[in-house]
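What follows draws every value from the coordinates through simple rules; no lab data is involved. Note that the structure is a prediction, hence the values are computed from the model and not measured.
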């Protein structure tokens, strides 16, 4: 069965540079680990997410998105920088994720901003949020600024290299988390990268 790589874009707008970045990173991981990537854009789910304070209050599409995230093998998250942090929409979505639903799940952190002065959003805002969930945030976050895109497409070779580096350096860890445990009495085969 293919591995499920789910991207979550916390951008309230469309088109969105954040969605492009999250989709590219999720796709790169899916390609390398033999998985399928799905991109969840939170903008269209805002009304459903805001319908009530509890998961049972929100709309069916929002609940389906939460189910996909909680069942994913790897999650790629991203948000544009808003007031020096992630969007309220991004936080609202993760407020509905079960407190223990993503424990030990590999998480790739990404963010976008108007300039590089927002780059610490990944380390200072996003990493602590997923620390609360006891998720395994991968060490290399990916930040992109407006200059990395042209017409909502990645146009920067530097950004492509950052994505490739993040994938190259973390795929061995991700694969080790995704490989099934070897039943007693069987010999483990070495992973092929």
*asked:* Quick check on the chain: helices-only [θ] at 222 nm, where DSSP H runs of length 4 and up contribute -39,500 (n - 2.57) each and the sum goes over total residues. Nearest 500, please.
replied: -11000 deg cm²/dmol
*With a ≥ b ≥ c taken as the square roots of the eigenvalues of the C-alpha gyration tensor of the stretch 40-119, please select rounded if a/c is under 1.5 and otherwise prolate if a/b is larger than b/c or oblate if it is not?*
oblate
*Which whole-number percent gives the relative contact order of the stretch 59-167, counting Cα pairs below 8 Å spaced six or more residues apart?*
24
*Over the residues of the chain, compute the C-alpha Rg and express it relative to 2.2 N^0.38 Å.*
1.02
*Nearest-5 percent of antiparallel DSSP beta bridges in the stretch 61-155?*
20
*Report, in whole Å, the centroid distance computed from the Cα atoms of the stretch 14-59 and the stretch 87-142.*
13
*Whole-number Å³ per residue for the convex hull built on Cα positions in the stretch 1-60*: 87
*Under a 10 Å cutoff between Cα atoms, tell me which one of 164, 179, 36 has the largest fluctuation in the Gaussian network model of the chain.*
179
*Once you have the Cα-Cα distance between residue 173 and residue 51, take 0.36 nm times their residue separation minus that, and quote the gain in nm to one decimal.*
40.1 nm
*asked:* Antiparallel versus total DSSP beta bridges in the chain: what percent is that, nearest 5?
replied: 10
*Compactness of the stretch 75-143, expressed as Rg and Dmax over alpha-carbon positions, Å*: 11.4, 34
*State, as an integer percentage, the relative contact order of the chain based on alpha-carbon contacts under 8 Å between residues 6 or more apart.*
21
